[in-house]
Each structure stands twice: as structure tokens, then as C-alpha cells.
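The values are calculated or read from the model by the stated rules, or taken from the named source; none is laboratory data. Computed from a prediction, not measured in an experiment: that's the story for all the values here. A quick note on method: Cβ atoms are made from the backbone with ideal geometry, for glycine too, and the neighbour counts reach across all protein chains shown. Ligands, DNA and RNA are stripped out before the accessible areas are found, and what is left, the full protein with its side chains, is counted by its heavy atoms. Shrake-Rupley method; radii C 1.70, N 1.55, O 1.52, S 1.80 Å.
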Amino acid sequence: MIDVKDIIKPENLVFKKSKVLTDTPMHYCPGCSHGVVHNLIAEVIEEMEIQETTIGVAPVGCSVFAYNYIDIDWHEAAHGRAPAVATGIKRLMPDKFVFTYQGDGDLAAIGTAETIHACNRGENITIVFINNGIYGMTGGQMAPTTLEGMVASTCPSGRDHARDGYPIKMSDLVAQLPGTCYVTRQAVHTAGAVRKAKKAIRKAFENQKRKKGVSLVEVVSTCNSGWKMSPVDANNWMAENMFPFYPLGDLKDE
Amino acid sequence: MKGNEAIAEAAIRYGVDGYFGYPITPQSEVMETLMAMRPWETTGMVVLQAESEVASINMLYGGAGSGKRVMTSSSSPGISLMQEGISYIAGAELPCVIVNVVRGGPGLGTIQPSQSDYFQAVKGGGHGDYKLIVLAPSSVQEMADFVGLAFDLAFKYRNPAMILSDGVIGQMMEKVELDEYRPRWTDEEIIEKNPWAATGKKPVRGQNIMTSLHIQAVDQENVNRRLQAKYKEMQEKEVRYETFMCDDAEYLIVAFGSAARISKKSVELAREKGIKVGLLRPITLFPFPYKEIGSYADQIKGILVPEMNAGQMIEDVKLAVNGKVDVEHYGRMGGMIFSPDEVENALEELIIGG
């Protein structure tokens, strides 16, 4: 019989945790996209050898504790304010790599002004935008990106645009601004999608060297707890319902 | 030069790294002066007009967490918008300087000078148990001098500091002696002086995380205890005030900022009439000179507190004398400014005759 010790030999290694990830167990629900995206950011930082020169700005939301998992220096911003905090950091330390990590409530509701204006000023920062169409941490309330008809705890009969307004496509909005150089929409629900998302994040970080403005990577994500689905069902639901409204691919690449 | 211009000149000369602001009357000359002087070409100071006061205070948060000297200026409605960010900065224990050139309120109020933001400045302002270091200039010279003092105290205690001025001092023109230019800190100096700053994680240390989040109650309480210990130390070591003709005084006027400047003349008018009155001017509003004002309680018969508000600092003066002496307020509001005669009359009517 094969023992565990026989399996964990170096030659059997198919996945290695990035050195830029800490050993802290993640608090995210099983099936949540955050852990995958954190890993991709850590891998990009490791591969670019910029652990000592990268400053992250964490949001308010489930990923408020991103600094517990990615082993770099961080600022924990107030809800929605990450692009302003990142502006302060980048303007004063232009040689550092500065990125924000924001959810849809953070980036597309309470922080709309900070997002739009950081993009419009062309700050040389990277924005990673997790869009799962719901407020996860506070328990599944309607988000600015919640789809029409989609159920949330503050729209229990489904989002109705007559009452709740329409879901907002922030990436499409900021792609119109001359201050952004790269805007893309990705997902991490399949191995192929994960590889593409990593390439996008890498490009978004590399772009900071070119000083051509904001690079924004939207990751259309699941919140299976908030959506009240199994992880597999959530991935399927996302592909069937989220992707038609939030189609994957580059919106801008200059 | 104007008080607002003095702030800008002093900031560049002191070696400030960044200014982030949003226009609002009566302090827009601060950013206008900075932009006209183009310090990014000389000292390397960054000057940026933000999209709102909410954004500018958060740019300060990012800059302060980088270990740099950063500041903003605004006036009352703008300072209200900044309160969220100020609370985060105080919670994360980061140093920065915020100038409030106060105008009358509430609401949009008036663009005329007032002192009606005293409570907001000295009692916290935003959410949570925190204090700012608050300096109250009463001349254009002090507008210039307090920029450096505010930064020194802010970095000494890793705490945001506020210069609480008003439209009188901001717009008034006086001669000013400015300090020599001093260089900004180098990156190496910042790492050495501010090892807590988020300057990029090095192998020699753990992560530096600028945060005010402590989700476990016991951790948050420990942070609160540390903050309170810091404020207590400030109260013991950093009280600053000025006295004028207090040695033989039978009556006292306690006033800050522009009200103190006007009251100095009132003291002279009263002295001409043979009234033995002195002026005590708190320079630090937090920490407040409780002990120092209290020490006059046995010597004097009454205290007048003239303020350009409905009576705010008077509460701290009453705490200072703890009921031993009659304390009365004389105020004008909404941008109205009292004359030295008015204050002198109030002294005679409310304190001596009262």
C-alpha cells in the first residue's frame, strides 16, 4: 500500500505554494474565488521578484485580511478608498509596485469616485477587481453588480431595476477613460481560466514599469455561500448567468 | 504674506513630501501657493489636487503609511468629509498634518471665520476613541511655525496633528520670518527613522501592515489602551500655552486663536480702566492646559471665555477650575467677529458685574 510519505516526494510534486503566500490558513469559504486570485497575485510577485518593492492596498469586505495571506507590506484602506490610498503611496514612491484588491461593493458602489478618478488621473497602479455580484462579508446583500432578477438578502424577490437600478459594468466604464491602459475581464473557474487570469495579472503588474496608467483586472467570481449554492453549482451558475452580462476578455490593451 | 500662504511656504521649507487637497474657501490659497511654487522641481515635494476631501485624506493615509511627511488643508465642511479617514489614520497610528481654516456652520454655513469646530477637533471628530494633537495659531507667524511643530509632534507620537486655524488667520496678512530650507528625508532615512512604515517588505523584518482593524475584542482593547496611554503622555509632556499680564490678575480671559488675539487688546483696554485682568491662551487645544488654568483658580475671581462660537472651549475651562471660579462665555457666531471693546464690556458685565 502506498503511504503518504511515498506520495509527498519532490518528484511527485505538481503544485507548489508560492513563497509569497504566508502559512496562515485562509478564512475563505470552500469554493470562493479569493484564495485562487490571492495565489495568482503571490505567484506573479514571486516570478517578477518584486516582493520587496510591492505594496498592497486591502479593501473592506471578505478580502479585508488579504494582508494575512500575501507576504508583502500592506495598507488596509477604508471601504472604497483603496484607489486614493494607492494614489498617495504611488505618488510618493513611484518606483514601488502598488496594487489595490477590491470587491464590487468596494470598487463599484462606495468607492466609485475614488476608482473613476484614480483611473482618470492615470495613476500607475494595478487594480484587481473581484466581481461576485454580492456583498459577501456582510451576509449576501445586493451589490452594484448584482444581476437583474438575482436574489440577495436586500432584494429577496430578485433585483428589480425599477426599484434597485441596474447592475453596473465598471470595467466598461473605466475602459473609456484615457488614464487606463489595460482593462480586462477574467475568471478563475477552470484551469484554463486560471492560467489566463494569471497572465492578465502579470501584464497588469508589468504595465506599472511602462507608466501608462491604470491596469484593471476584473475577475468575475463566485460567492457560493452568499449565492447559497455548492461550489460546483456556483461555477455553473456564473458561467450561465454572469458571463453573458459580464463577458470575459480584454476591453482595452494599449 | 497671508496665513494660508505661510502654511504653503513653511511646508516646502520644512521638507514636506506631499500635499493632497481639494479647494474650499477660505483656504484655497494653500494649494494655489504650492502649485505656483512648483516644489516638485526643487525639493521634490508632491502636490496633488484630489477629487474630494474624502480622497485627499485617504491619499494622506497612503503617504503617511509610507513614512513620508504628508499634509492636507481644508475648511470645516471639507474637514467633516475627512473624518472617516482621520479616524483610520489615528487608529493605524500614522503621523500626518491636517490644517483646518475654520468657517462658520453648521452645514454649508458661511465662508466667514469661526471657531465652531473646536469640539470636532479636540474631542475626536470621527468614530472611535481617539485624539488629534491640536495646535491653535493666533498669527501668520504661528501658521508658518506650527507646520514644523505639528510634524515633529505627529512623528514623535505617531499620531495625526491638526492646525486649527480660522478664516481670520488664514486670510490676514502679516510679516513672517520663515525657516531655512531643509532637505526632505531620503529613502534610507525614512527606513531608519520610521521602521514601521510600509516601504516594501525586506528579509530582515516581517510585514509592515498599516491597519486599524483588530477583529478580536481583546486585541482592539489593547490598542485602545495603548492609544489612551499615548494621549496621557501627551497631556503630561506637550501642553503649550501663553500668558499675558496674568501674574497679578484678579480676572482671567481664556481664549484661543484669533479670539485670543482680539482679547489681548481687551486686556489692555481693561487694564487702562484699572481692572486687573490677564489673558491665558492655550496653544495646544489637545492636550489642553487644564492644570495650568486650574492653578489660577485660587488667585482669580472669574474667567471670561470669548470664543467665535456658541461656547465650546468653555467646557474645558470649566473642567480645569472644577467649579471653584465662575466661568462665563462670550461669543459671536456665524462668521461675526467680536471687537476688543465687546470682549472688555462682556468682562465687566458678565464677570465683574455678574
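For residue B:190, which of the numbered conditions (1) of a type outside the set (S, T, N, Q); (2) in a helix (DSSP H, G or I); (3) within 14 Å of another protein chain (Cβ to nearest Cβ); (4) open to solvent by 50 Å² or more (accessible area, probe 1.4 Å) fails to hold?
Every condition holds for residue B:190 apart from (4).
Taking the condition more than 23 Å from the chain's Cα centre (by Cα) and either surrounded by 17 or more Cβ atoms within 10 Å (Cβ to Cβ) or not polar (S, T, N, Q) (or both), does residue B:318 pass? Even if it seems obvious, please write down each step before you answer.
Values: more than 23 Å from the chain's Cα centre (by Cα): no; either surrounded by 17 or more Cβ atoms within 10 Å (Cβ to Cβ) or not polar (S, T, N, Q) (or both): yes.
Criteria not met by residue B:318.
Mind listing whichever residues of region B:35-69 are free of Cβ contacts under 8 Å to residues at least 24 places away in the same chain and either part of a loop (DSSP other than H, G, I, E, B) or open to solvent by less than 20 Å² (accessible area, probe 1.4 Å) (or both)?
Residues satisfying the conditions are B:38, B:62.
Can you name the residue in region A:51-60 that is open to solvent by 10 Å² or more (accessible area, probe 1.4 Å) and touching a residue at least 40 places away in the same chain (Cβ under 8 Å) and is also nearest to the other protein chains (Cβ to nearest Cβ) among such residues?
Among them, the one singled out is A:53.
Taking helices (runs of 4 or more DSSP H) that do not extend beyond region B:104-183, which have at least 3 residues that are open to solvent by 10 Å² or more (accessible area, probe 1.4 Å)?
On the way: elements: B:118-122, B:140-157, B:167-171.
Qualifying helices (runs of 4 or more DSSP H): B:140-157.
Restricting to region B:287-313, name every residue that is open to solvent by less than 20 Å² (accessible area, probe 1.4 Å) and hydrophobic (A, V, I, L, M, F, W, C).
If the condition is that a residue be open to solvent by less than 20 Å² (accessible area, probe 1.4 Å) and hydrophobic (A, V, I, L, M, F, W, C), then B:288, B:293, B:297, B:300, B:303, B:304, B:305, B:308, B:313 are the ones that fit.
Quick one: count up the residues across region B:224-275 that are within 26 Å of residue B:157 (Cβ to Cβ), assigned to a strand (DSSP E or B), open to solvent by 30 Å² or more (accessible area, probe 1.4 Å) and not acidic (Asp, Glu).
2
Quick check on residue B:88: is it open to solvent by 20 Å² or more (accessible area, probe 1.4 Å), within 14 Å of another protein chain (Cβ to nearest Cβ) and either at pLDDT 95 or above or in a strand (DSSP E or B) (or both)? Show your work before the answer.
Numbers: open to solvent by 20 Å² or more (accessible area, probe 1.4 Å): yes; within 14 Å of another protein chain (Cβ to nearest Cβ): yes; either at pLDDT 95 or above or in a strand (DSSP E or B) (or both): yes.
Against the criterion (open to solvent by 20 Å² or more (accessible area, probe 1.4 Å), within 14 Å of another protein chain (Cβ to nearest Cβ) and either at pLDDT 95 or above or in a strand (DSSP E or B) (or both)), residue B:88 qualifies.
Could you grab me the full set of residues in region B:70-98 that are over 18 Å from residue B:18 (Cβ atoms), touching a residue at least 60 places away in the same chain (Cβ under 8 Å) and over 14 Å from the mean Cα position of the chain (by Cα)? Explain how you work it out, then say what you get.
At the first step, the residues of region B:70-98 found to be over 18 Å from residue B:18 (Cβ atoms) are B:75-77, B:79-81, B:83-84, B:87, B:90-91, B:93.
Adding the requirement that they be touching a residue at least 60 places away in the same chain (Cβ under 8 Å) leaves B:75, B:87, B:90-91, B:93.
B:87, B:90, B:91, B:93, listed by residue number.
For region A:158-172, give me each residue that is without any contact (Cβ under 8 Å) to a residue 24 or more places away in the chain and assigned to a helix (DSSP H, G or I).
The initial filter retains those residues of region A:158-172 that are without any contact (Cβ under 8 Å) to a residue 24 or more places away in the chain, namely A:158-166.
A:161, A:162, A:163, A:164 - these are the residues of region A:158-172 that are without any contact (Cβ under 8 Å) to a residue 24 or more places away in the chain and assigned to a helix (DSSP H, G or I).
Can you find even one residue in region A:61-73 that is at the interface with chain B (Cβ under 9 Å from one of its Cβ atoms), without any contact (Cβ under 8 Å) to a residue 40 or more places away in the chain, in contact with a Lys or Arg (Cβ under 9 Å, 6 or more places away or on another chain) and open to solvent by less than 20 Å² (accessible area, probe 1.4 Å)?
yes
Is at least one residue of region A:78-93 in a loop (DSSP other than H, G, I, E, B), within 7 Å of chain B (Cβ to nearest Cβ) and free of Cβ contacts under 8 Å to residues at least 24 places away in the same chain?
Initial filter on region A:78-93 (in a loop (DSSP other than H, G, I, E, B)): A:78-81, A:93.
Checking which are within 7 Å of chain B (Cβ to nearest Cβ) leaves us with A:78, A:81, A:93.
Cutting the leftovers down to free of Cβ contacts under 8 Å to residues at least 24 places away in the same chain gives us A:78.
Scanning region A:78-93 turns up at least one residue that is in a loop (DSSP other than H, G, I, E, B), within 7 Å of chain B (Cβ to nearest Cβ) and free of Cβ contacts under 8 Å to residues at least 24 places away in the same chain.
Out of (1) under 18 Å from residue B:341 (Cβ atoms); (2) of a type outside the set (Val, Ile, Thr); (3) in contact with a Phe, Trp or Tyr (Cβ under 7 Å, 6 or more places away or on another chain); (4) not in a strand (DSSP E or B), what's the single condition that is false for residue B:292?
Only one criterion in (1) under 18 Å from residue B:341 (Cβ atoms); (2) of a type outside the set (Val, Ile, Thr); (3) in contact with a Phe, Trp or Tyr (Cβ under 7 Å, 6 or more places away or on another chain); (4) not in a strand (DSSP E or B) is unmet by residue B:292, namely (1).
Of all residues in region A:173-231, which are of a type in the set (A, V, I, L, M, F, W, C), without any contact (Cβ under 8 Å) to a residue 60 or more places away in the chain and surrounded by fewer than 21 Cβ atoms within 10 Å (Cβ to Cβ)?
To start, the set of residues in region A:173-231 that are of a type in the set (A, V, I, L, M, F, W, C) comprises A:173-175, A:177, A:181, A:183, A:187-188, A:191, A:193-194, A:197, A:200-201, A:204-205, A:214, A:216-217, A:219-220, A:223, A:227, A:229.
Remaining after also requiring without any contact (Cβ under 8 Å) to a residue 60 or more places away in the chain: A:173-174, A:191, A:193, A:200, A:229.
Result: A:173, A:191, A:193, A:229.
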